[in-house]
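Just below is one structure, and these are the notes that go with it.
The values are calculated or read from the model by the stated rules, or taken from the named source; none is laboratory data. Owing to the predicted nature of the structure, the values given are computational and were not obtained by experimental measurement. Here the Cβ positions follow ideal geometry from the backbone for every residue, glycine too, while neighbour counts run over all protein chains shown. To get the accessible areas, we keep the full protein, side chains included, count just its heavy atoms, and leave off ligands, DNA and RNA. Shrake-Rupley method; radii C 1.70, N 1.55, O 1.52, S 1.80 Å.
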Amino acid sequence: MRRARTWLPGLLLVTPSIIAIGVFVYGMLGWNFRLAMTDKHDEVSEGEFVGLKNFVDIWDQPRWHLSVNHAIVFTIVFVLGALLLGWLLAFLMEKGIRGEGTFRAIYLFPMAISFVATGIVWRWLMNSGTGERAVGLNRLFDWVGLPQWQWFRDPDWGMAAMALPAVWQMSGYIMALFLAGFRGVPEELREAARVDGCTEWGVYRYVVLPLLRPVTLSALIILGHISLKVFDLIVAVSGKQIITDVPAVFMWVAVFDSHDPAKGATIASYIVVSVAIFVIPYLIWSVRKERRS
């Protein structure tokens, strides 16, 4: 009984959360994978088990290839853009500029806005109208004499432009992560490097940046899983257009427009697997790091 008193209250406290996660997260994931392995391609049939047939057949559909390619382009531009801009902002803030608290609040403010609100604003900013019909950024470009763009309607660079709102929204959060990493580097290590003859750039290259690897990995995992399941931003900016199609939008169309639950569950399963590719290695690395420490 004495031993039970040490762990039983804590167990009772977290039991409701464990049950809720087990049912509404892992239970729903299991149900989705089970549905993806059936031939339930309408809303009335029961569906028979077909194994991995749906996972193979979907690669014969051109729209799936297009949505995957779009997701890859979006992920590359979004992740690299947010990492570089967030690192640059943190680097400038780390130098101790005046009004640092104000700048931090300004850079972090987009994080408080939903992707839907961000998409509505950036849909106006990235309006593809030109000439007298130009608004948003195209109007600004016209004033300064720069060429006007098609933005997300461009067949080649549309998904790269679609990543700009996401970069704007998440770069402040990445800045906060990197700024905490910069401030966590002991000043003694920097001074020791300077005494050994390192230039200021050498201090950052050989001392600061290597110590920021855990922060960079965390930021990469966060941005990667956000980009792979992006949905609300795409729909708010361009709607359900083929030119900006991604797996999450394709899943919505398959389930609610085409009324094909099995196809939608198959796409959702691929999204879950792609996110797991980012998250699981990070969890394994974190566990091993805690054991070593």
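The table below gives the values:
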| item | result |
| --- | --- |
| Filtered chymotrypsin sites (Phe, Trp or Tyr not before Pro), the stretch 1-78: DSSP coil and at most 14 other beta carbons within 10 Å | none |
| Amide H partners (placed H, <5 Å) of T38, local residues excluded | V50 |
| Listed residues D196, D232, D42, most fluctuating in the chain (Gaussian network, C-alpha, under 10 Å) | D196 |
| Packing-based order for 142-154, 243-255, using average beta carbon neighbours within 10 Å, highest first | 243-255, 142-154 |
| Alpha carbon Rg of the chain, scaled by the compact-globule rule 2.2 N^0.38 Å | 1.25 |
| Tail beyond 17 Å, pair distance distribution of the stretch 24-101 (Cα, percent) | 70 percent |
| Efficiency of FRET from Cβ geometry, E100 and K53, R₀ 45 Å, rounded to 0.05 | 0.20 |
| Exceeding the 28 Å Cα-Cα cut-off - candidates K53/K240; K240/K263; K40/K240; K263/K289 | K263/K289 |
| Hull-based mean projected area of the stretch 106-244, where the convex hull spans the alpha carbons, in square nanometres | 11.2 nm² |
| Kyte-Doolittle at least -0.5, axis length at least 20 Å by Cα - qualifying DSSP helices, the chain | 2-21, 62-94, 158-183, 213-228, 261-292 |
| Exposed GluC sites (Glu not before Pro) absent - longest run of the chain, DSSP non-H/G/I/E/B, at most 14 other C-beta within 10 Å | 49-293 |
| Long-range tail of P(r) for the stretch 225-289 (Cα pairs > 13 Å, %) | 65 percent |
| Probe 1.4 Å, accessible area per residue of the stretch 1-157, Å² | 70 Å² |
| For K95, solvent-accessible area (1.4 Å; no DNA, RNA or ligand), Å² | 100 Å² |
| Shape of the stretch 69-111, Cα gyration tensor, a/c cut at 1.5 | oblate |
| Peptides 102-109, 121-128 ordered by average Cβ neighbours within 10 Å, highest first | 121-128, 102-109 |
| Nearest-0.05 FRET efficiency for V14 and V273, computed from C-beta distance (R0 41 Å) | 0.90 |
| Rg and Dmax [Cα atoms of the stretch 50-146; Å; Rg one decimal, Dmax integer] | 20.2, 64 |
| Percent of Cα pairs exceeding the 14 Å cut-off, where the set is the stretch 1-50 | 67 percent |
| Sorted peptide list for 210-216, 257-263, criterion being average Cβ within 10 angstrom, highest first | 257-263, 210-216 |
| Cβ-placed point charges (K, R +1; D, E -1), dipole of the chain about Cα centre in debye, nearest 20 | 1220 debye |
| Taking all pairs of distinct alpha-carbon atoms in the stretch 110-168, Kirkwood radius in angstrom | 11.9 Å |
